Amino acid sequence: MILTVTMNPSVDISYPIEDFKLDDVNRVEHTRKTAGGKGLNVARVIKQMGEDVLATGVLGGTIGDYIVRELMKSEIANHFFKINQESRNCIAILHDGKQTEILESGPTLTVEEGAAFLETFRLLLSDVSVVTISGSLPKGLESDFYRAMVELGREKGIPVILDTSGEALRQVLTHRVKPFAIKPNLTELSQLTGREVEQSAASLQQVLSAEIFQGIEWIVVSLGGDGAFVKQGADYFRVKIPAINVVNPVGSGDATVAGIAVALDKELPVADVLKTAMTTGMLNTMEAGTGHIEYSKFEHFFKLVEVKKI
Ligand code: ADP
């Protein structure tokens, strides 16, 4: 079973308002509410691939209850650490072909709540074979919080795939105990290295050979419509994908993480892990819903992905 972690989930609300008026009343007819957060997208895609998944993280209040109900509707097993504060709403106003977002920062956790969650996480590790950790940390937790989770995974010999950015990612990578896999995009890689990273194989190979990346088994640098550049062990790969009809690319990185998790759990060969990851990413871009794939199309697109060792 794969465990997905979402430390700051949300209810994502979208308000389509054709003629949005500032400083006035705007009425909405077709509101859409979904359980959001990168880790929940990962969980949904794993479920759609027909694999066992357990969603964990931190939530609370009536918004937290809504998130759990949504997961139940999708038959996604979940075991969250409950807090007394409300989880957050994230609002997207879709107007005039634009998207204006209002993102609540969410609850502030106490140090004790952080420690109690770690204990929940430690116990859940007994029943799972792969872990994914996605997204940002809630307020109140130190930026090195994911270090402890990565360490617990290592202690139990469970691969941890970490998909986060900024300081939370840097803190883990500068630590002695490394995650098993990471999936940065070019922006996250540039943030991490403090300079604009170019997409060429030569430049990416040079960047990934830096000290900070040593000891990470899988580094999948996703390149949107250009596929991925990968370091696996001491080997480098360029992964190419076909041109497809993109409907909504939001969440494709999460779908890619889901693909990596499922393929690692099945202990597939390296090329097939990468083909799976690219295929789930592509399938997500072909659907309107974030964190949704049409799994019946998997075989077709899997065969079109090219993995070339450098
Ligand atoms: P993130 O959402 O983390 O920035 P990417 O945009 O790199 O991640 O997308 C992850 C994967 O999803 C890509 O490696 C690719 O397989 C697929 N993907 C994303 N955008 C496109 C696109 N425009 N066309 C085809 N595939 C895409």
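A few remarks follow.
- The range 160-197, residues that are away from the ligand (no atom under 15 Å from the Cβ) and more than 23 Å from Leu124 (Cα to Cα): Glu167, Arg170, Gln171, Leu173, Thr174, His175, Arg176, Thr193, Gly194, Arg195, Glu196
- Filtered residue count, the range 66-83, keeping only those that are open to solvent by less than 40 Å² (accessible area, probe 1.4 Å) and either outside any strand (DSSP E or B) or among the small types (Gly, Ala, Ser) (or both): 6
- Scanning the range 264-310 for residues that are part of a loop (DSSP other than H, G, I, E, B) and open to solvent by 50 Å² or more (accessible area, probe 1.4 Å) turns up Lys266, Glu267, Leu268, Pro269, Ala288, His292, Glu294, Lys303, Leu304, Ile310.
- When residues of the range 124-142 are limited to those that are closer than 22 Å to Val111 by Cα and open to solvent by 40 Å² or more (accessible area, probe 1.4 Å), the one nearest to the ligand (Cβ to nearest atom): Ser136
- Residue match in the range 156-168 (condition: surrounded by fewer than 14 Cβ atoms within 10 Å (Cβ to Cβ) and touching a Lys or Arg at 6+ places or on another chain (Cβ under 7 Å)): no
- Qualifying positions in the range 230-246 - outside any loop (DSSP other than H, G, I, E, B), more than 8 Å from the ligand (Cβ to nearest atom) and of a type outside the set (S, T, N, Q): Val230, Lys231, Asp235, Tyr236, Phe237, Arg238, Lys240
- Considering the range 247-263, and only residues there that are of a type in the set (A, V, I, L, M, F, W, C) and open to solvent by 10 Å² or more (accessible area, probe 1.4 Å), the residue that is nearest to the ligand (Cβ to nearest atom) turns out to be Val250.
The values are calculated or read from the model by the stated rules, or taken from the named source; none is laboratory data. Predicted, not measured: the structure shown is a model, and the values here were computed from it. Every residue, glycine among them, receives a Cβ derived from its backbone with ideal geometry; neighbour counts consider all protein chains shown. Each accessible area value is taken on the protein alone, full model and side chains, heavy atoms only, with ligands, DNA and RNA left out. Shrake-Rupley method; radii C 1.70, N 1.55, O 1.52, S 1.80 Å.
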